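What follows is a set of notes on a single structure, which appears directly below.
Bear in mind these aren't lab numbers, they're just calculated from the coordinates by the rules spelled out. Small disclaimer: the values here were computed from a predicted structure and weren't measured. Here the Cβ positions follow ideal geometry from the backbone for every residue, glycine too, while neighbour counts run over all protein chains shown.
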Amino acid sequence: MRLGHVASSLITEGSESRLSVPEGMVIPVTQVRLNLLDVPGPTKAIGSVTLGGSFIVHGVRVVQGPTGEFVGMPQRKDGDQYRDLAHPLTGDLRARINSAVLEEYQKLREREGPERSR
């Protein structure tokens, strides 16, 4: 059976058939790469996150919001709305991604000096 048929059958069998991570298994954030942006606007850095050493998500952003910095996932515009292209399904993975990305962002800001830290 080809992979396309397997994926298709899982999707068409309804909500009972779901692929999931085995209970207790943690997908580690194995790499974060960011580039600081030196342009006006809320986006301060853009880059990628590697999960488990085998899946990479490009277009991850550090954004300055009204209450502080947060991690934005890659998006595409759909009419007048933006929709995430990829995002964590669990709060635990989201927290680990946020922590890793914001930690790397702070390290980059410290290395670049105060002129780029604004």
Range of Cα positions in region 22-116 per principal axis (Å), largest first: 45, 37, 24
Other residues with Cβ under 13 Å from the Cβ of Met73 give, with Lys and Arg +1 and Asp and Glu -1, a net charge of +3
A correct fewest-to-most ranking of Asp78, Asp84 by other Cβ atoms within 10 Å would be Asp78, Asp84
If r is the Cβ-Cβ distance from Ser48 to Ala95 and R0 is 25 Å, what FRET efficiency results, to the nearest 0.05? 0.85
Potential extension, Met25-Gln64 segment - 0.36 nm per residue separation minus Cα distance: 10.8 nm
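Taking 35 Å as R0, compute the FRET efficiency from the Cβ-Cβ separation of Asp38 and Asp78 and round it to 0.05. Intermediate values should be presented prior to the final figure.
Values: r = 29 Å, r/R0 = 0.84.
FRET efficiency, Asp38 to Asp78: 0.75.
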